[in-house]
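Just below is one structure, and these are the notes that go with it.
The values are calculated or read from the model by the stated rules, or taken from the named source; none is laboratory data. This is a predicted model, so every value here is computed, not measured. Heads up, the Cβs are rebuilt from the backbone with ideal geometry, glycines too, and the neighbour counts pull from every protein chain shown. Remember, those area values only see protein heavy atoms, side chains included, never the ligands or the DNA or RNA. Shrake-Rupley method; radii C 1.70, N 1.55, O 1.52, S 1.80 Å.
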Amino acid sequence: MTPPVKSKITPHKATQQPSHRVLSIDALRGFIMILMALDHANMLLSKGSSSEFWGGPLPRSEDSLAFFTRFVTHLCAPGFFFLMGIGMVYFWHSRSERGWSLQQIRHYFAKRGALIVAIHFAMSILFAIPSLIAGRFGIVYNVLYILGFSMIAAAWFLQMPISLLTFLCTGALLLPEFVLGEPSTFGTPVHPLMRLLTVPGYMGNSVVLYTFFPWFGLTLLGIISGRLMMKNHQAFFRRLPLISASALGLFMALRLLNVFGNLRPMEGTGWMAFLQLTKYPPSLTFMLMMIGVNLGLLYVLDKMPADMLKPQHPLLVFGRSALFFYVIHHFVFIAMMYAGLRNLPLRAMYPFWILGVLITYPLCRRYAAFKHKKPAESLWHFF
């Protein structure tokens, strides 16, 4: 079956502006990778927390800097899933132009998604060795395994009509609003499958942070956006500021109403209470806020002159070797932690975050160059 992209876009139109389009996507991915490194440096080297659950106690920040450090990194996970959906559309189109069948493309995504899941569990088990030695084994079901499963599943939705994709995307994003109980019921035992699909929380000594359905909804949103971008890049980006502003405006309205879309009522007053959003699972307000900002950043990056984003630019280097960066930056910060850099004051953590990013840059640059020389079918492109 021939993908609809090829029937709607001639080869000439599809190649009019691909480099600029890919530059902005890669640059945004690189930017949120750097923010992700800040989050992990904060957790490993300082006293950062990750507990914005739909129930239970909310994290309390010592000051505005601590709150801001965590808040800006919320852009990462929604950006990962959204950009993955866009990237899958571009990959589908480019490989179709090279003669790949849809079955080959789905097989590729299945292998790559399985590798991502395997890396998650390998790293989780490795990092859980200290607790295993202490006789209490548990892992954190984090972002990587849901990214992998979302990639495998989304490969079967690439050709779906946009109207049906929009319906499924909306349903997946709203599902937590109807499935979860009152915040007071947090901690109630649920079936492990429900825990992995919809209800994050503790599962024995392990903890599930990311559940499948809402994050998969963001992947579908990326596929919808990618399809629209492929159809008419300029028209899509002309509307992007309005789409971004609309998402942020709806966030403001739902947050002020403080009922539907928040998963739990706002606690306290002031700007920090207003921006203390539920991430596990992502509330509608969380997704509107973070996707709205991501779309604004994508618009700005897309309007940057192409000569400002050279191939060696850090945003492009990190954006084009994202999985490689994800793996190695953990070991950089863990090495710092075991070298004695633990429980640092927040302001003292920032220079080591920057140092960690600087250490990974030449490694990622070399890997990106190495990967570029490999054929399209090479497993090295999985990273």
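Odds and ends about this structure:
- Low-density loop positions, trypsin sites (Lys or Arg not before Pro), the range 91-185 - DSSP coil, at most 11 other Cβ in 10 Å: Arg98, Arg136
- Ranked from largest to smallest solvent-accessible area, with a 1.4 Å probe on the protein heavy atoms, Thr185, Thr198 come out as Thr185, Thr198.
- Built amide H within the under 5 Å cut-off of Met203, gap 5+: Val208
- Over the range 138-200, the fraction of Cα-Cα pairs per 10 Å bin, rounded to whole percents and listed from the shortest bin up, is 16, 42, 32, 10, 0.
- Over 32 Å (Cα to Cα) - which of Lys303/Lys374; Lys303/Lys371; Lys47/Lys303; Lys111/Lys373; Lys279/Lys310 fall in this group: Lys47/Lys303; Lys279/Lys310
- Label-to-label distance, Leu126 versus Ile328, with points set 7 angstrom from Cα along the beta-carbon direction: 1.3 nm.
- For the residues Leu126, Leu196, a 1.4 Å probe over the protein chains yields an accessible-area ranking, largest first, of Leu126, Leu196.
- Exposed GluC sites (Glu not before Pro) absent: longest stretch of the chain, with sites in DSSP loops and at most 15 other Cβ within 10 Å deemed exposed: 63-266
- Helix content alone sets the calculated 222 nm mean residue ellipticity of the chain: runs of n ≥ 4 DSSP H residues at -39500 (n - 2.57) each, divided across all residues, give -22000 deg cm²/dmol.
- Computed E for Ser64/Phe260 - FRET, C-beta separation, R0 41 angstrom, nearest 0.05: 0.90
- Alpha-carbon gyration tensor eigenvalues x 5, square-rooted, for the range 37-115, Å: 39, 13, 11
- Convex hull per residue volume in Å³, alpha carbons only, for the chain: 145 Å³
- Accessible area ranking (1.4 Å probe, heavy atoms, ligands and nucleic acids excluded), largest first, for Asp26, Asp307: Asp307, Asp26.
- Rolled with a 1.4 Å probe across the full set of protein chains, the surface gives Phe68 an accessible area near 110 Å².
- The modelled label-to-label distance for the pair Ser49/Arg342, using points 7 Å beyond Cα in the direction of Cβ, is 1.9 nm.
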